[in-house]
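This report refers to the structure that appears directly beneath it.
The values are calculated or read from the model by the stated rules, or taken from the named source; none is laboratory data. Everything quoted here is computed from the prediction, not taken from an experiment. A quick note on method: Cβ atoms are made from the backbone with ideal geometry, for glycine too, and the neighbour counts reach across all protein chains shown.
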Ligand SMILES: Cc1cc2nc3c(=O)[nH]c(=O)nc-3n(C[C@H](O)[C@H](O)[C@H](O)COP(=O)(O)O)c2cc1C
Ligand SMILES: Nc1ncnc2c1ncn2[C@@H]1O[C@H](COP(=O)(O)OP(=O)(O)O)[C@@H](O)[C@H]1O
Ligand SMILES: [Mg+2]
């Protein structure tokens, strides 16, 4: 079976988890903050979901649903030894949201993780991913996932707690 089919079989893929601290490189070095999931969430991904760069929708707590890009893997540029799953949300937040619940719906695959010979080329690749994701997410098949019950449930659950 072609590689892309293996990935697509799982999509859309929904998951939620608490936002934890990573290495603090996302915003400081790259200018692109990524909300990192705990190890447990990463370990629970389907075994055959490929590492790489994906796009989809995300919300924080019971907040609005925004476009996002997510990187799953070992960040070859930084040679991480632990697999991570990091989401950059295409939205300006007033403050950090460590400790909050991040809801993520992955709808499409962009590319495998790569190594780069400079920080500038890593940054421009990520910026290219963001532009491509924004375009893809305007397609009707992807837009409908934004309205999925997954995001509604996260709202009602949190409201019931008050
Ligand atoms: C859309 C996107 C694409 C990425 N692509 C790569 C990649 O190809 N290679 C790589 O080493 N890291 C890639 N990264 C990961 C960045 O290196 C990572 O976000 C950065 O190390 C921040 O890590 P931190 O949250 O632990 O601070 C990507 C991140 C995003 C959001
Ligand atoms: N648009 C955004 N997308 C993702 N995270 C954001 C965004 N805006 C602010 N943040 C905050 O920035 C943090 C990620 O910054 P980053 O530099 O990647 O640090 P870390 O290594 O701790 O993940 C997130 O956990 C979140 O609290
Ligand atoms: Mg991060």
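Among the residues of the range 62-72, how many are over 15 Å from the mean Cα position of the chain (by Cα) and either in contact (Cβ under 8 Å) with a residue 60 or more places away in the chain or on the phi > 0 side of the Ramachandran plot (or both)?
Final tally of qualifying residues: 1.
Sort out which residues of the range 19-53 are under 21 Å from residue 151 (Cβ atoms) and touching a strand residue (DSSP E or B) at 6+ places or on another chain (Cβ under 6 Å), and write them in order of number.
19, 34, 35, 36, 37, 38, 41 - these are the residues of the range 19-53 that are under 21 Å from residue 151 (Cβ atoms) and touching a strand residue (DSSP E or B) at 6+ places or on another chain (Cβ under 6 Å).
Residue 53 versus (1) closer than 17 Å to residue 18 by Cβ; (2) within 16 Å of ligand 3 (Cβ to nearest atom): which is the lone unmet condition?
Answer for residue 53: the failing condition is (1).
Going residue by residue through the range 88-107, is there one that turns out to be surrounded by fewer than 19 Cβ atoms within 10 Å (Cβ to Cβ) and more than 16 Å from ligand 2 (Cβ to nearest atom)?
No.
I'd like the full set of residues that are part of a strand (DSSP E or B) and in contact with a helix residue (DSSP H, G or I) (Cβ under 6 Å, 6 or more places away or on another chain), limited to the range 53-63.
53, 55, 57, 59
Among the listed residues 135, 146, which satisfies the condition of being away from ligand 3 (no atom under 16 Å from the Cβ) and surrounded by 15 or more Cβ atoms within 10 Å (Cβ to Cβ)?
146
Which of the residues belonging to the range 110-125 are in contact (Cβ under 8 Å) with a residue 60 or more places away in the chain and either away from ligand 3 (no atom under 15 Å from the Cβ) or in a loop (DSSP other than H, G, I, E, B) (or both)?
112, 113, 119
Among the residues of the range 32-50, which ones are in contact with a helix residue (DSSP H, G or I) (Cβ under 7 Å, 6 or more places away or on another chain) and within 14 Å of ligand 3 (Cβ to nearest atom)?
32, 33, 34
Mind listing whichever residues of the range 5-22 are modelled with pLDDT of 85 or more, within 16 Å of ligand 1 (Cβ to nearest atom) and not in a strand (DSSP E or B)?
19, 21, 22
Residue by residue through the range 27-52, note down the ones that are assigned to a helix (DSSP H, G or I), crowded, with 17+ Cβ neighbours inside 10 Å and more than 13 Å from the chain's Cα centre (by Cα).
none
State all residues of the range 64-109 that are under 12 Å from residue 51 (Cβ atoms) and either assigned to a loop (DSSP other than H, G, I, E, B) or away from ligand 3 (no atom under 15 Å from the Cβ) (or both); if no residue qualifies, say none.
Correct list: 74, 75, 76, 80, 83, 109.
Residue 56: within 19 Å of residue 90 (Cα to Cα), within 15 Å of ligand 2 (Cβ to nearest atom) and out of contact with any strand residue (DSSP E or B) (no Cβ under 8 Å at 6 or more places or on another chain), yes or no?
No; evaluated as a whole, the condition is false for this residue.
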